Amino acid sequence: MKSLAAALVGSAALLAVAACSAGSGTSSGTSPGADQSLAIGLVAEPASLDFTTTDGAAIPQALLGNIYNGLVKQDETGKIVPDLAKSWTVSPDRKTYTFTLVDNAKFTNGQQFTADDAVFSIDRVKTAWTTSLKSAMDVVQTAKAVSPTELQVTLSKPSNDWLFRMTTRIGAMFSKTGVDKLATDPVGTGPYKFSEWKRGDSIVLQRNADYWGSKPYFGQVTLKYFKDPTALNNALLTGTINVIGTVQAPEALSQFTGNDKYQVIEGTTNGEVLLSFNNSRPVFKDIRVRQAIRSAINHQALMDTCWAGRGKLIGSMVPPTDPWYEDLTGIAPYDQAKAKSLLQAAGATGATLRLRLPTLPYATSCGQVVKSQLEQAGLKVQIDQLEFPAAWLTSVLKGGDYDMSIISHVEPRDLRQVFNAKYYTKYDDPTLKQYLDAADAGDEATQIAEMKKAARRISEQAAADWLFLLPNLIVADKNIQGLPKNAITESFDLSRLTR
Amino acid sequence: MLLRLIERTAVLLVSLAVSSVLVFGFLAVLPGDPARVALGVNASDEAVAELRRQFGLDRPLTTQYFDWLGGMLQGDFGLSYISKAPIGPQITDRFQVTLWLVVTSVVIALVVAAPAGTVMAARHRQLSGLALSALSQVGVAVPAFLAGILLIMVFAVKLGWLPANGWTPPAQDPGMFLRQLVLPALSLGLVQGAVLTRYVRSAVLDVLREDYLRTARAKGLRPFPALWRHGLRNAAVPVVTVLGLQLATLLIGAVVVERVFVIPGLGSLLLDGVSNRDLLVVQDVVMVLVVAVLVVNFLVDLLYVALDPRLRVTR
């Protein structure tokens, strides 16, 4: 499982808007609006509804938490909380998880959800899934149904990450008899059921009358897809939709901010915009060059220019919503003089670097700023653009034919995936691996402490530069409630929305 | 007449065959492996190879080409690489949408161009004719998508008279269908109308200089009735030619306009196919567009004969 996967095939980074539903959501106090419907505008239409065989962030955004439930999910603070599993225990050796499942959940094909379905879903990741994310399940040795409501999962080694991945699409629970037409007719236990997919236009979800939890407020939700950010804004301005799930052009926000009819929500996402380095290139083997590049960039000025000042400056691969977040922007403050002297010391002044950009709005605009700032420090930067996703994937991500690139990594908790020797960053660091392994195997306190060390390590080593964290920007009709401030999961949770 | 029909049909069939080779060939050399895009960035090479086998992408190109062509001839457009859904029904659905848009635009273009061009020609030395002429020049210079954006800004966002975007099938809600059709059809139709106006004007001008029109006037017909009875049919021949050519432009314009107005037509299917590297969809859609343009040109050729009896006896 590599962290770009989710981002790339969709429209990187901008899809990560999501909510996390707390067990006692705001909707529980409101009577469901039986005839109320809601239309949400989003940016990238899924190519298929089957996230077991098709990559991209758009599919779980629409389906996870709405049509599918997992055993566990993340709440708004990032904590792992019960979903289809009422509770769970971990054995002292941290290798065996015993889940107690709810007994009243039904799939939309009429079948009861039992531990057998959970075993089926977990095993199926290894056998039938084809996307690269499936490797998150490799650590599972066996999954067995002790009783209809008791599931036991044994791991080959202790892994905190496994339980976390179970909150993502990897943990979605499928019906044993409902996986024949996943691409066009998904079957799950969630608060909504699939109603209609008008290709090229929208996906319609209906409230699941048999839902086992508290019923969602809206009887019908339409997810409407827009390729063009202006068309998306116009649709809200003219009342075609009620919510813009992901603002694509932050510079156009001003038409909503001054208007009483709308609310603008701004928070954080998991989308770290990286200026990535090909650490296998001789020039980047010298830490002074990497550090010089980090010092040469004025991050605040860059974010102001290329993303209208929206977003958050981060100094490492951790968003503020993760438990091990620390403000590390102080590790490489803007200092042109230091950058110049570092480059001089490394003998790299005047070196030419190829910055190969995907054709994505933030990459294109930030690329120019990066080029001008690095050239002030004495480097030469050649920019070329690669069509996204296909050409960029082939040349940069798969082929490693680049010196630097700019891309947002939107997958949650993706430090390990992004910074390793096999990934396109080619970052080979045994010390980092040691921290990460310790974090994965230890208890909660150990995990937090070790992850902090890991985050500090890549920042000090300048394994890449973190330009900024993409903001979660939502614009909606004033009366829509329950929209998430921070987008930290893969799903856009519809069950908490009310009017 | 028959000879001409046979000749045109032969040209049509050869053009179709050549263009199918070109469409297939260009897509075959396009970078970016569809199987890799479908499976995500770090899918194993084995998984990619397996998917290539499922799609039949591992077979020789000639086999793939003839399979594709044979399937198309039988109405089987294949399965999408990404969604695994049959492509044929999608193309049919989307084509209907685009057809509404294109046909409405042609009607608007004709409704604008025929009277405006005729008036411009008849009054080409007067101020009103010159003013119209200048206006049509502006129309020619504006691309359809810009016209669309401007129309949305004024009529949807500022005035709120019409929806900014979207599409509703006519059977579902005819009122909404019409309201949503107005702006996209206008942005395509007005621009094409402006282009067409120039051709109508020059065709009518040519006709006005003809001897038979002078004769008609000499018989005592007033200028417009003379033009109406004797001139317009002659002026129609070049205009029909241009209209046939414009249809290709309209189909391409529809691709862009569909995006501006978020219309699920053939154009947006094509764009989605390109960005998802769903190459079979792209291949099928492009081929359908090529067939549409070639067939329209074929029909235009036949229409000449209907319009101009002289062509029936040339051979």
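Restricting attention to the range A:49-74, which residues are in contact (Cβ under 8 Å) with a residue 60 or more places away in the chain, at the interface with chain B (Cβ under 9 Å from one of its Cβ atoms) and not polar (S, T, N, Q)?
Correct list: A:49, A:50, A:55.
Any residue at all in the range A:127-138 that is assigned to a helix (DSSP H, G or I) and either in contact with a Cys (Cβ under 6 Å, 6 or more places away or on another chain) or more than 14 Å from chain B (Cβ to nearest Cβ) (or both)? So that I can check it myself, show each step before the final result.
First pass over the range A:127-138, keeping only residues assigned to a helix (DSSP H, G or I): A:127, A:132-137.
Subsequent filtering for residues that are either in contact with a Cys (Cβ under 6 Å, 6 or more places away or on another chain) or more than 14 Å from chain B (Cβ to nearest Cβ) (or both) retains A:137.
Yes - at least one qualifying residue is present in the range A:127-138.
Need a quick list: strands (runs of 3 or more DSSP E) entirely within the range A:170-229 having at least 3 residues that are more than 14 Å from every other protein chain (Cβ to nearest Cβ) and not aliphatic (A, V, I, L, M). Walk me through it before giving the result.
Working: elements: A:192-198, A:202-207, A:218-225.
By residue number, A:192-198, A:218-225.
Restrict the check to the range B:260-271 and report whether at least one residue is closer than 28 Å to residue B:28 by Cβ, assigned to a helix (DSSP H, G or I) and hydroxyl-bearing (Ser, Thr, Tyr).
Looking for residues that are closer than 28 Å to residue B:28 by Cβ, assigned to a helix (DSSP H, G or I) and hydroxyl-bearing (Ser, Thr, Tyr), one finds at least one in the range B:260-271, hence yes.
Among the numbered criteria (1) surrounded by 15 or more Cβ atoms within 10 Å (Cβ to Cβ); (2) at pLDDT below 85, which one does residue B:24 miss?
Every listed condition holds for residue B:24 apart from (2).
I need the full set of residues from the range B:99-143 which are in contact (Cβ under 8 Å) with a residue 24 or more places away in the chain, within 15 Å of residue B:205 (Cβ to Cβ) and of a type in the set (Val, Ile, Thr), in order please.
B:118
Can you say whether residue A:232 is more than 11 Å from every other protein chain (Cβ to nearest Cβ), surrounded by 18 or more Cβ atoms within 10 Å (Cβ to Cβ) and either charged (D, E, K, R) or not in a loop (DSSP other than H, G, I, E, B) (or both), as far as the supplied structure shows?
Working: more than 11 Å from every other protein chain (Cβ to nearest Cβ): no; surrounded by 18 or more Cβ atoms within 10 Å (Cβ to Cβ): yes; either charged (D, E, K, R) or not in a loop (DSSP other than H, G, I, E, B) (or both): yes.
Answer is no for this residue.
Which of the residues spanning the range A:54-67 are assigned to a loop (DSSP other than H, G, I, E, B) and within 21 Å of residue A:107 (Cα to Cα)?
Residues of the range A:54-67 that are assigned to a loop (DSSP other than H, G, I, E, B), as a first pass: A:54-57, A:65-67.
Matches in the range A:54-67: A:65, A:66, A:67.
For the range A:364-414, name all the residues that are of a type in the set (Lys, Arg) and within 30 Å of residue A:73 (Cα to Cα). Lay out the reasoning, then the answer.
The first filter runs over the range A:364-414 and keeps only residues of a type in the set (Lys, Arg), leaving A:371, A:380, A:398, A:413.
The one that is of a type in the set (Lys, Arg) and within 30 Å of residue A:73 (Cα to Cα): A:413.
For residues that are at the interface with another protein chain (Cβ under 7 Å from one of its Cβ atoms) and either surrounded by fewer than 17 Cβ atoms within 10 Å (Cβ to Cβ) or more than 16 Å from residue B:190 (Cα to Cα) (or both), tally how many sit in the range B:150-168.
Residues of the range B:150-168 that are at the interface with another protein chain (Cβ under 7 Å from one of its Cβ atoms), as a first pass: B:152, B:156-157, B:160, B:163-167.
Restricting the remaining residues to those that are either surrounded by fewer than 17 Cβ atoms within 10 Å (Cβ to Cβ) or more than 16 Å from residue B:190 (Cα to Cα) (or both) gives B:156-157, B:160, B:163-167.
Residues in the range B:150-168 being at the interface with another protein chain (Cβ under 7 Å from one of its Cβ atoms) and either surrounded by fewer than 17 Cβ atoms within 10 Å (Cβ to Cβ) or more than 16 Å from residue B:190 (Cα to Cα) (or both): 8 in total.
Conditions tested, residue by residue: (1) in the same structural domain as residue A:452 (by the TED database); (2) surrounded by 16 or more Cβ atoms within 10 Å (Cβ to Cβ); (3) of a type outside the set (S, T, N, Q); (4) in a helix (DSSP H, G or I).
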{"site": "A:318", "(1), (2), (3), (4)": "yes, yes, yes, no"}
{"site": "A:324", "(1), (2), (3), (4)": "yes, yes, yes, no"}
{"site": "A:353", "(1), (2), (3), (4)": "yes, yes, yes, no"}
{"site": "A:367", "(1), (2), (3), (4)": "yes, yes, yes, yes"}
{"site": "A:402", "(1), (2), (3), (4)": "yes, yes, yes, no"}
{"site": "A:405", "(1), (2), (3), (4)": "yes, yes, no, no"}
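Can you report the number of residues in the range B:173-199 which are more than 11 Å from residue B:136 (Cα to Cα) and of a type in the set (Gly, Ala, Ser)?
4
Keeping to the range A:38-48, report how many residues are more than 8 Å from every other protein chain (Cβ to nearest Cβ) and either under 22 Å from residue B:79 (Cβ atoms) or part of a loop (DSSP other than H, G, I, E, B) (or both). First the steps, then the outcome.
The initial filter retains those residues of the range A:38-48 that are more than 8 Å from every other protein chain (Cβ to nearest Cβ), namely A:38-44, A:46.
Filter again for either under 22 Å from residue B:79 (Cβ atoms) or part of a loop (DSSP other than H, G, I, E, B) (or both), leaving A:43-44, A:46.
Of the residues in that region, 3 qualify.
Wholly within the range B:25-136, which helices (runs of 4 or more DSSP H) include no fewer than the required count, namely at least 1 residues that are among the β-branched types (Val, Ile, Thr) and within 14 Å of chain A (Cβ to nearest Cβ)? Break it down stepwise before answering.
Details: elements: B:34-39, B:45-55, B:61-73, B:87-122.
In the range B:25-136, B:34-39, B:45-55, B:87-122 are the helices (runs of 4 or more DSSP H) which contain 1 or more residues that are among the β-branched types (Val, Ile, Thr) and within 14 Å of chain A (Cβ to nearest Cβ).
So residue A:162 ticks every box in (1) closer than 30 Å to residue A:308 by Cβ; (2) at pLDDT 90 or above; (3) away from chain B (no Cβ under 12 Å) but one. Which box is left unticked?
Residue A:162 satisfies every listed condition except (1).
Any residue in the range A:396-406 that is small (Gly, Ala, Ser) and under 21 Å from the mean Cα position of the chain (by Cα)?
So the first thing to find is which residues in the range A:396-406 are small (Gly, Ala, Ser), and the list is A:399-400, A:405.
Still in the list and also under 21 Å from the mean Cα position of the chain (by Cα): A:405.
Within the range A:396-406, one or more residues are small (Gly, Ala, Ser) and under 21 Å from the mean Cα position of the chain (by Cα).
Go through (1) surrounded by fewer than 17 Cβ atoms within 10 Å (Cβ to Cβ); (2) touching a helix residue (DSSP H, G or I) at 6+ places or on another chain (Cβ under 8 Å) for residue A:91 and report which single condition fails.
(2)
The values are calculated or read from the model by the stated rules, or taken from the named source; none is laboratory data. Owing to the predicted nature of the structure, the values given are computational and were not obtained by experimental measurement. Neighbour counts are summed over all protein chains in view; Cβ atoms, including those assigned to glycine, are modelled from backbone coordinates with ideal geometry.
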